[in-house]
Amino acid sequence: MTGRLCRAWPWLVALALAVVVLGPALAPGYVLRGDMVFVPRQPMKAAWWGLDGSVPRAVPMDGLVALLSSLVPGQVLQKVALLGALVLAATGAERMVRPAPWYARLGAMVVLVWNPWVQERLLIGQWAIVLGYAVLPWVVVGVDALRSHDRAGLSVVRRWVPVAWPLALAAVASPSSGAVALGVAVVLLVLRRPRPGWRVAARVTLLGGVLNLPWVVAALRVPGGVGVGEGGFSGFAARAESAAGLVPSLLSFGGIWKTSVVPEARTLGVVVVAGAVLTLVAVAALALAGRDPAGRAGYRRGLAVVAVGAFLLAWLPALGPVSGALDAIARHVPGLALLRDSHRFLAPAVLLWAAGTAVLLTRLGAATRGSGVRAGTAGAALVLVLTAPLLLAPQMAWGVGGTLRAVDYPAGWTTVAELLERERAGSGDPDALVVLPWMGSYRGFAWNDRRAVLDPAPRFLPGTVLVDDRVYLEDRVLPSEDSRLAAVGRALATRDPDRAAERLRALGVGWVLVHADHRVAVLPSGSPRWRGDGLLLLRLAPAA
C-alpha cells in the first residue's frame, strides 16, 4: 500500500462498516426508538445541565445536543452522532492493535463494531452509551501516549491530549460511560510495566474526576440522591437469551435485560455458544502470545483485569442474593444506582476480545506463508475468524434488519411548539406542561410504526415539560425518582376533571398535552388550544 492509502484505509473501512450497520437510519428523518430521541431543534433548558434538581441521566449530553441543534438540524446531528460513534469504535480498534498486519487490524475493527453488545444497545436506542463505548480503544491508545519515560522528546501536551479527549467525550456521553472510561485508563496505568504507573494514574484520576464533574455535581443536587426502586437491580440485570444460559450470553457479549429487543438469532443456543467459543479462542491466543501486542507495557494484563471486572459487573447482579443486597445498599448509597443496568458495563471486555482476535489472526496469517495442507487450513481459519462476527449476527446489517428506520414528525408537533413559544414570550408564562397519559415515559406512535420511544415532548417543546418517569417492567413498576412528578401523579389520581385541574394548578402546571391516540384515565378540565396530528393541547384555567 502507498503511504496515503495506508493512512486512509482504516477510516474508509470504518465508514463502510458504519453505513452497512446503519443503512436506512441515514435516510432523511429521525430514528426514534427506545431512548434515542432527536428533534429538529432542542430548546435550551436548565435540566440539560442538571440545574433543576432532576436526575442527571444525560448531563451534559442533552445540553450539548441543545446547543448544537441550534446550529444544525437535529436529524443531521443524529446521523453524525451515529456514524461518528461507529467510525470511532472501528478506527480506535485499528489503532489499538498496531502494528499488527492489516488483516489482523481489520479483524479488531469488525469485532468492535459488529457484536451483540452494540446491536442490543442500538435496539434500545442508547446511542450515547454506544458513543461512550466507541472511545474505549482510544483510551488504550491515549494511555500508551503517557509513557513519558519511554518516549524521549514527547511534549506534555502530546502525551496528555490523546488520553484527555476520549475521557472527556466519554464523560459527556453519559455518567456510566465517563466512569467506565476512567476506570479502564487507571487500571491500564497501574498495571503498566516496567515502571509502576501510580503517579500518572493519580493524575489521570484527577483529570477524569474534573471531566466528570458536570454530572457528579448535578447528581449531588438531586433531593434525596439518585436511588433505585425496590427490585431495580434484578429488573435491569443481564439475562440469558437462549437455553445455553447467562454465562455464554455474556461471553458472546449479549444478555441485555430487555428481552423484547433480542434478535431471533440470539435465542438459538448454537449461535450464542459459537460466539462464546470465538471469544475464548481469541482470549487464549492473546494469553499465549509471546509478548504484548504492539509492545505496550501492561497491555495484556491490564485488558485482562478490565475484562474480568466488566464480566463480574454484568454477571453478579443477575444472581438473586447479589441483586437483593445491591437494592438494600442503594437505599443508603444513592450513587450505586449508576450500576443498575449491569449489562452496559460489559462493554470494556470487548477490548480484550478485539486484541485477542488481532493476535489470533496474526498467527494464522503467519501460518499461511508456508505451503500444503497446513497453510490452506490456516488460510481457511483466518477467513472464518475474520468473518465470524458477521456470520453470527447477519441481522445487524442495514439498520439492524430495518429496525432503525427514519421517520418524520407530524406537523402538529411543530405547531404546538410554536404556539407555546408565542404564549410564553408574550406573557412570561412560567407554567409547566404535563404530558398525558400518565403511565410511563415511553410511547408507541402510529406514525413511528408503534415502536416504543421515549416521549419527545420534553426535548421538542419549550419550558418545563413533566412526563411520568416511573419505569414499567414486565413484573413490576419502579417508582418515580422525582418528588414533583410523584405529586403530579397524585393530582391525576382523582377521577374528577375539575379537581385534577385544580391540583395541577397548585403545582404550577398550566398546560396539558395529550397524546390523543393513547388511553387517558382522567382528562383535566381546560380550554383546547390545539387539536390535530394525534395531539391535544389544553390550557388550564388560572387558580382562583
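The values are calculated or read from the model by the stated rules, or taken from the named source; none is laboratory data. Just so it is clear, the model here is predicted, and its values are computed rather than measured. Counting neighbours? That spans all protein chains shown, and the Cβs are built from the backbone with ideal geometry, glycine included.
Worth pointing out:
- Matching entry among Ser371, Ser342 (being polar (S, T, N, Q) and either in contact (Cβ under 8 Å) with a residue 40 or more places away in the chain or within 30 Å of Pro56 (Cβ to Cβ) (or both)): Ser342
- Filter result for Gly142 (touching a Pro at 6+ places or on another chain (Cβ under 6 Å), under 21 Å from Val187 (Cα atoms), in a helix (DSSP H, G or I) and modelled with pLDDT under 95): yes
- For the stretch 448-469, filtered to residues that are buried (at least 18 other Cβ atoms within 10 Å of the Cβ) and among the charged types (D, E, K, R), the residue that is nearest to Gly232 (Cα to Cα) is Asp469.
- Flag if Gly320 is over 22 Å from the mean Cα position of the chain (by Cα), buried (at least 23 other Cβ atoms within 10 Å of the Cβ), at pLDDT below 95 and under 27 Å from Pro116 (Cβ atoms): no
- Inspection of the stretch 28-41 identifies no residue that is closer than 20 Å to Leu123 by Cα and out of contact with any strand residue (DSSP E or B) (no Cβ under 8 Å at 6 or more places or on another chain).
- Looking across the stretch 356-368, the residues that are assigned to a helix (DSSP H, G or I), free of Cβ contacts under 8 Å to residues at least 24 places away in the same chain and surrounded by fewer than 20 Cβ atoms within 10 Å (Cβ to Cβ) come down to Ala366, Ala367.
- For beta carbons closer than 9 Å, sequence separation of 6+ or different chains, a first residue in the stretch 301-325 that is at negative phi and of a type outside the set (A, V, I, L, M, F, W, C) and a second that is outside any helix (DSSP H, G or I) and at pLDDT 95 or above, the qualifying pairs are Gly309/Pro348.
- Tabulated pairs, the stretch 44-56, first touching a residue at least 60 places away in the same chain (Cβ under 8 Å), second of a type in the set (Asp, Glu) and not in a loop (DSSP other than H, G, I, E, B), C-beta under 7 angstrom, 6+ apart or interchain: none
- Residue within the stretch 472-489 that is touching a Pro at 6+ places or on another chain (Cβ under 9 Å) and surrounded by fewer than 16 Cβ atoms within 10 Å (Cβ to Cβ) present: yes
- Residues in the stretch 160-197 that are outside any helix (DSSP H, G or I) and either among the hydroxyl-bearing types (Ser, Thr, Tyr) or at pLDDT 95 or above (or both): 1 in all.
- Verdict on Leu112 being at pLDDT 95 or above, within 15 Å of Ala347 (Cα to Cα) and aliphatic (A, V, I, L, M): yes
- When residues of the stretch 145-157 are limited to those that are aliphatic (A, V, I, L, M) and more than 13 Å from Val204 (Cβ to Cβ), the one modelled with the highest pLDDT: Val157
- From the options Val80, Val72, residue that is in a helix (DSSP H, G or I) and either out of contact with any strand residue (DSSP E or B) (no Cβ under 8 Å at 6 or more places or on another chain) or touching a residue at least 12 places away in the same chain (Cβ under 8 Å) (or both): Val80
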